[in-house]
1. Go through Lys72, Lys78 for me and flag whichever is of a type in the set (Lys, Arg), at pLDDT 80 or above, within 26 Å of Ile174 (Cβ to Cβ) and touching a strand residue (DSSP E or B) at 6+ places or on another chain (Cβ under 9 Å).
2. Can you tell me how many residues within the range 164-179 are surrounded by 12 or more Cβ atoms within 10 Å (Cβ to Cβ) and either in a loop (DSSP other than H, G, I, E, B) or small (Gly, Ala, Ser) (or both)?
3. Got at least one residue in the range 109-127 being in contact with a strand residue (DSSP E or B) (Cβ under 7 Å, 6 or more places away or on another chain), farther than 26 Å from Ile240 by Cβ and either among the charged types (D, E, K, R) or surrounded by fewer than 20 Cβ atoms within 10 Å (Cβ to Cβ) (or both)?
4. Does the range 129-156 hold any residues that are assigned to a helix (DSSP H, G or I), surrounded by fewer than 19 Cβ atoms within 10 Å (Cβ to Cβ) and in contact (Cβ under 8 Å) with a residue 40 or more places away in the chain, and which are they?
5. Kindly provide the set of residues from the range 185-213 that are modelled with pLDDT of 90 or more, among the β-branched types (Val, Ile, Thr) and either part of a loop (DSSP other than H, G, I, E, B) or surrounded by 21 or more Cβ atoms within 10 Å (Cβ to Cβ) (or both), ordered by number.
6. Suppose we filter Gly216, Gly182 for residues that are surrounded by 19 or more Cβ atoms within 10 Å (Cβ to Cβ), at pLDDT 80 or above and part of a strand (DSSP E or B); which single one remains?
7. Across the range 147-169, what is the number of residues that are more than 28 Å from Ser130 (Cβ to Cβ) and either touching a His at 6+ places or on another chain (Cβ under 9 Å) or among the aliphatic types (A, V, I, L, M) (or both)?
8. Quick check: anything in the range 183-193 farther than 22 Å from Ile116 by Cβ and in contact with a Ser or Thr (Cβ under 6 Å, 6 or more places away or on another chain)?
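The values are calculated or read from the model by the stated rules, or taken from the named source; none is laboratory data. A quick note: this is a predicted structure, and the numbers were derived from the prediction, not measured. All Cβ positions, glycine included, derive from the backbone under ideal geometry; neighbour counts span all protein chains shown.
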Amino acid sequence: MRTTIKLFRFIPVIIFLLFLITCKKDNKTVNTEIVSPTFAEDSIIIKNLTITNIKHLLSGIPDSTADNYYQKYLGEFKPSLTNKGQFPFVFRVQDKVVDEIKALVISNKDTYVHFILTSNNNKLGLLFESGKRKYFVTDVSKLTEVDSLKLPTMDSDFGTVVYPRMNEIKSKLITSDPKKEGDNSYGNTTDIMIPYKTFDEYQTNTADSVLTLIPGIVTENKTNSNNKSKKHHFTLILAIFPMDANKIFLPPTVYYDDFCLKPPGC
């Protein structure tokens with residue numbers, strides 16, 4: 001599902017994203033390299049923005065469905081910018097990384113862009129998988145392949161630290177749902193697969209531009225191919241923010257379907 005949003009209604013989020021862009025390092029894309037789970041990320045220094053201010057900047061997504069998803073996430077996961085926070089406000093993906101993801105998808109003839117939830121220093125992180133290889137999606141301008149020997153440790157950390165909290169929240173929401181909607185017979189989301197045609201709507205260019213994956217919680221009683229309810233599951237909202245040659249943000253496009261959530265499969 002896609003909604004084109006007028007620019008003036010999204011000024012708070014745009015200001016925040018513009019601030020993030022100004023903090024980018026001028027890294028050049030290199031061939032993917034294998035790294036350990038302890039990987040370097042670009043430093044984003046936020047001195048003048050408090051947690052309260054950030055919540056305000058990312059509040060009020062004009063599209064009601066996307067806003068409901070994100071507001072539910074804010075209320076339940078309580079994301080934080082501090083080192084103590086397990087969950088992020090947004091995942092930012094730089095243009096050069098988008099290009100690398102597209103190249104791998106095309107090379108491996110994938111039909112989906114496959115993201116896997118993981119643990120990075122006991123915090124929620126993202127992996128991209130293609131051709132049976134997994135890569136960190138970080139704030140640096142290149143994909144970094146994960147050492148396969150380290151994956152079991154990462155999976156264990158995710159399963160014992162981050163994922164239990166996600167399942168706890170899902171279970172609580174289902175139990176307290178006034179409409180008795182949701183399904184507690186299986187766990188929360190571990191993988192999110194965005195159709196490549198949707199992901200490819202984002203066209204990179206020579207100027208800076210921003211693609212963000214905004215966390216959310218499904219608030220509608222949708223079902224998967226196994227006829228299980230996806231309500232109260234973790235998801236991602238794909239928000240595209242292109243900029244023109246003068247670095248002026250153009251009206252964003254937001255994709256807020258729950259895409260393909262796993263478990264238990266699509």
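1. The match here is Lys72.
2. Here the count works out to 2.
3. Looking through the range 109-127, none of the residues is in contact with a strand residue (DSSP E or B) (Cβ under 7 Å, 6 or more places away or on another chain), farther than 26 Å from Ile240 by Cβ and either among the charged types (D, E, K, R) or surrounded by fewer than 20 Cβ atoms within 10 Å (Cβ to Cβ) (or both).
4. Across the range 129-156, the qualifying residue is only Thr153.
5. Within the range 185-213, Thr189, Thr190, Ile192 qualify.
6. Working: Gly182 fails: part of a strand (DSSP E or B).
Just one listed residue meets the conditions, Gly216.
7. So the count comes out to 1.
8. Yes: the range 183-193 contains one or more residues that are farther than 22 Å from Ile116 by Cβ and in contact with a Ser or Thr (Cβ under 6 Å, 6 or more places away or on another chain).
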